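Asker: One structure, pasted below without further comment.
What follows draws every value from the coordinates through simple rules; no lab data is involved. Since this is a predicted model, take the numbers as computed values, not measurements. Quick reminder, even Gly has a Cβ in these numbers, built from the backbone with ideal geometry, and neighbours come from all protein chains shown.
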Amino acid sequence: MLLNTKESGKNILLIDPDEAFGQILQKVLGQGYTVERVSTVQAGIEKITAKAVDVVLLNLDLPNGNSNLEGAGTLLQKRSESADAPPVIAYGWDARRRRAVEALQLGAVDFLEQPLDVQALKFALEGAYRRATLARDLSAARKFLAPTPVEGLLGNSEAMEQVNEVIRKVAGVNTSVLITGESGTGKGVAARAVHNLSERADKPFVAFSACAFPESLIEDELFGHEKGAFTGASQSRRGRFEEAKGGTIFLDEIGDLALPLQAKLLRVLQERSLERLGSNVVQSVDVRVICATSRNLEKMVQEGTFREDLYFRISVVKIHMPPLRERGEDIPLLAEFFLSMFARVHNKRARALTPGFLSALARHDWPGNVRELQNVIERSLVLANGNEHLGIRDLPPDLKGLKIPDELPGGTFHAAVRSFKRELVRSALRAHSGNKLKAARELGISRCYLHRMLNQLRIADIACTENDSEPSRTADSKVEPVNFALGARVA
């Protein structure tokens, strides 16, 4: 029964057999709410399925045996099965802790004791309504967001968006792809993504690295051999191309392939056929070829160390994987992903990354790219102290550098800025054992300006270094002496 026909209010579905209570509730809540009442849980489930409901108010003291939560459990289970289902607030005369816990475990977002307190009820309804609104907004936003990133390639940077776009386009066509980029940028992940998005996804994906085998074994690894083809060949063996039949073969570090092998590979790619070592039987090759390299193949072509015809054959479409230093905005996302992954792998408690930890990651150049970041996160998690956060103290020594506070200072704006500057200067001086010249360079300011900041912030060093033979002190008696060599306050 609809108790208020106004459409602009928050839509509340009341499941309670008492019609009078529904009418009273509508008057108490006011025009900001539209209350619709049904008598049974089953009717409530049908109503939720038929129309939009913002919040459900569920009486746990329903008749017909439902007081033991059996009927309520049906509704709450439906709530748990769908992220878009409305939140449920349960209420009842029995306010025992066990009963409330049972309701919450079944999926209710709140439990209220009868008689209902008006203010508590409104507070609970507002909280549940905000939750429902957020869920709807997120659901609607997903429809208008850019396409989700390619599986395995995390990053929201413009460079990674371009990579994802090319991968989606090239995956649907059966052409050769050349993936370039520095070591550790994820070339293998990109190759796997192309395969997974293609029509060959249910067929084998075979990876082979030219730098992982001696030159004398590469031909056998790629093309296989027949029994008796050479000493020790006691049985026939399939090569990587045959193993990838119908699927994709990924040739990593193709630039390390010797010229004679380049010629044989070119023949296979051109004729789509191969012969095993020791055999004259020609076998057809139905594979997609994806190559990758960290070397400059164009320069190698000019130098005569890489065949030009092979280069054009394998580089119909080129995908360049950007180094991590060129997509620093992706570092927090990658760090969180690796943290979650290694927490599961090593059965460690989930931790949060402090602002100082992320700031240190952002300042690093990452010569090892994503692979190096993965290593740093795993090491930090494994060796971290027994707390809930990863801070600068948990980083490897070469990443700590200039320390930034893990937590932002409080107080007024000017006091917070002063506190932050103070800690920044002290951290720079500690990092360079009190050497003000090096500290100023680290901070990107002149040494004279650093001296002025020391006076303004009432910081005085007592450490003597090669470039600063005399300790500087301010005339102010409230100056805080700091032992920069030890990084501790002096009493």
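Asker: Residue separation times 0.36 nm, minus the C-alpha to C-alpha distance between Val173 and Ser209: what's the value? Each step should come with its number before you reach the end.
Answerer: Working: separation 36, 0.36 × 36 = 12.96 nm, distance 2.40 nm.
Length gained between Val173 and Ser209: 10.6 nm.
Asker: Taking R0 as 60 Å, what FRET efficiency do you get between Met341 and Asp117 from their Cβ-Cβ distance, rounded to the nearest 0.05?
Answerer: 0.85
Asker: Moving to a separate point now. Magnitude of the Cβ-charge dipole of segment 167-320, K/R +1 and D/E -1, about the Cα centre, nearest 20 debye? Could you put the intermediate results ahead of the total?
Answerer: Values: 21 positive and 20 negative charges, 98 e Å.
That gives a dipole near 480 debye.
Asker: Next question. Please work out how much length the chain gains when fully extended from Arg447 to Val316, using 0.36 nm per residue of separation minus the C-alpha to C-alpha distance, in nm with one decimal.
Answerer: In short, 41.8 nm is gained.
Asker: Next up: Mind putting a number on the dipole of segment 325-400 about its Cα centre? Charges go on the C-beta only, +1 for Lys and Arg and -1 for Asp and Glu, and I need it in Debye to the nearest 20. Spell out each step's value before the answer.
Answerer: Numbers: 11 positive and 10 negative charges, 53 e Å.
So the dipole magnitude of segment 325-400 works out to roughly 260 debye.
Asker: How about segment 220-256: which chymotrypsin sites (Phe, Trp or Tyr not before Pro) there are in a DSSP loop, with at most 14 other Cβ atoms within 10 Å of their Cβ? All intermediate terms of the calculation are to be shown ahead of the outcome.
Answerer: Numbers: sites: Phe223, Phe230, Phe241, Phe250; in loops: Phe230.
Those satisfying the criteria are Phe230.
Asker: Working out 0.36 nm times the residue gap between Gln302 and Glu165, then minus their Cα-Cα distance, what length gain in nm do you get to one decimal?
Answerer: 46.3 nm
Asker: Considering only Cα-Cα distances, which of the following residue pairs are longer than 21 Å: Lys27/Lys122; Lys187/Lys264; Lys10/Lys47; Lys10/Lys51; Lys187/Lys318?
Answerer: Lys187/Lys264, as the Cα separations exceed 21 Å there.
Asker: Provide, in order from the shortest bin, the percent of all Cα-Cα pairs of segment 252-367 in each 5 Å bin, continuing until the bin that contains the maximum pair distance.
Answerer: Pairs per bin, as whole percents: 2, 8, 14, 14, 11, 10, 9, 9, 10, 7, 4, 1, 0.
Asker: Just to check, using Stokes-Einstein with a Kirkwood Rh over alpha carbon pairs, what's the diffusion coefficient of segment 325-400 at 4 °C and 1.567 mPa s in µm²/s? List each step's numbers first, then the result.
Answerer: Working: Rh = 12.3 Å.
D = 106 µm²/s.
Asker: Now a separate question. Between Asn455 and His389, what FRET efficiency comes out of the Förster formula 1/(1 + (r/R0)^6) with R0 = 25 Å and r the beta carbon distance, rounded to 0.05?
Answerer: Values: r = 34 Å, r/R0 = 1.37.
Computed FRET efficiency for His389 and Asn455 comes out at 0.15.
Asker: Now for a different question. Based on the Cβ-Cβ distance of Leu259 and Ser236, what FRET efficiency does E = 1/(1 + (r/R0)^6) give at R0 = 22 Å, to the nearest 0.05?
Answerer: Working: r = 28 Å, r/R0 = 1.27.
Rounded to the nearest 0.05, the efficiency is 0.20.
Asker: Same structure, new question: Please give me, ordered by residue number, the trypsin sites (Lys or Arg not before Pro) of segment 176-235 that lie in loop per DSSP and have at most 14 other Cβ atoms within 10 Å.
Answerer: Sparse-neighbourhood loop trypsin sites (Lys or Arg not before Pro): Lys227.
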